[in-house]
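The structure appears right after this line, and notes come after that.
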Amino acid sequence: MIVLGWLNSHSSRLKTFVANRVSQTLEITRAKQWHHVPTNENPADVLSRGATAQELQEADGWWFGPHWLSNDTESRSKATDLEQIPEEALPELRTMQLSLVVVQRKNVLLDKHSEWKKYLTVSDLKKAEQWLARCAQKDEFVAEFKALTIGKELPNNSKIRGLYPFLSTDNLIVVGGRLHHASLSDEQKHPIVLPFGHKVTQLIFIYYHEILLHGGPQLLLSEVRLRFWPVKGRMRYVTCVRAKPKFQNPIMATLPSTRVRPARPFATTGVDFAGPLDVRSGIRRVTSIKTWIAVFVCLATRAIHLEPVVGLTSNAFFAALRRFMARRGKCSKIYSDNATNFVGVQRELSTYLRGVDASVAKEGIDWHFNPPAAPHFGGIWESAVKSAKHHLTRVVKDARLTLEELGTLLCQIEACLNSRPLTPLSSHPLDLEPITPAHFLIGGPLLLVPETDLSNENISTLRKWRYVQALMQTF
């Protein structure tokens, strides 16, 4: 009977040993071909249990078999059909491991949309808003809902306790207050409380942000609070990319060899212009001329040399260049911006730059021009111009200096810039002094002779020399 149960059962539930043999049997036979022989009609039992010669002679079952063997097939099947053993009671069944998985799904609708207005239609606009707001509140304000439902006070650690909330007729948590008798709509007197950071709250802010044409945070919050009260509403829910885009800084190329290899100071130099400044042409004459400042920067040591240049003619610049090389040594390479980088004087500089190659070739100087509209190629001298110009224009302001006074002030400013540390300052008292560009020029910092402090003096009443010294101290 067990074998009949195996043959009529699902082999997938049987253990491997039995299942393999059952499947082999069913490949050449069918389950309905197999029948049951009861114990009292089994002729094999006569021999297996032992019998005397007399008992064997009288055993009809041994000589002729069961009586139903002589009947037809249909009668024979009915005689041998018995109730089968239930499949769950069969031995050699594989144990089935059952598990119950509980999945808590929160508002699947919210995960399929990214815009607030997609939820809403004209007919059920208000009901849809209330349903979504209720879903958001039940996700975040579980303890608050329970307390308000049974009429108890909110927990002390509740984030909305200070709003004195209560449940509205629509089963929504709304803001309480003292405006019950005000001539306002119910939504304005008691706005719906929205949890901080919830998807519903974010979609509402984005929706109103687009309606308000990407307005500011104050306008956005005031509009939202006409119907809703978002927790921590002053914090930014919307990052307006159109108003304040964030740009990724590109990966800069490797530094050129002139920046990282040791060389004599100003052997390889970058030059740029700062200005213009108005300079008096004489003591008695009140007319002024425009004067620029040529900023020479050593690419190896970061040392700076400032030279006044009257006008942007080639003769004026080369006079300043010769003064510079007479004091700092002749340059082997000079780098500068292209003419298009000098805003406002493109026409004058184009004429000036046409004569540069022929003149500097006689001096044995290799001149390199950066590509047009590429100021990042000259970042080292752009930084030097910023260091000098940023404070120089604020100190000089509308002062009309003579060319001699301007040259004196530039030399002292140059000494200040060349005394700046090139390495971070250490807080340990026993560490060495920081290295400066002046160490490469004179072997130490360019410390000036101590002078009288003029910072508290009225600059307009000082004589010219002390006036220039006051400007330098202010710088």
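Read-outs throughout are calculated quantities, based only on the coordinates presented, and are distinct from any laboratory measurement. Treat the numbers as computed from the prediction; the structure is a model and nothing was measured. Glycine gets a Cβ as well: all are built from the backbone with ideal geometry, and neighbour counts include every protein chain shown.
What net charge is computed for the residues neighbouring Leu299, neighbours being all others with C-beta under 10 Å from the C-beta of Leu299, Lys and Arg scored +1, Asp and Glu -1? Mind dumping the intermediate values first?
On the way: positive: Arg259, Arg261, Arg302, Lys333; negative: none.
In short, +4.
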Backbone N within the range 180-224 under 19 Å of label point (7 Å from Glu115 Cα along the Cβ vector): 199-215
Potential lengthening between Arg234 and Glu433 on full extension [0.36 nm per residue; Cα-Cα distance subtracted]: 66.8 nm
Spacing of the two label points (7 Å from each Cα toward its C-beta) at Met96 and Ile251, in nm: 5.8
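Over every pair of different alpha-carbon atoms in the range 182-276, take the mean of 1/r and invert it; report that Kirkwood radius in Å.
On the way: mean 1/r = 0.0551 Å⁻¹.
Evaluated on the range 182-276, it is 18.2 Å.
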Stokes-Einstein D in µm²/s, Kirkwood radius over Cα pairs - the range 151-310 at 37 °C with 0.692 mPa s viscosity: 145
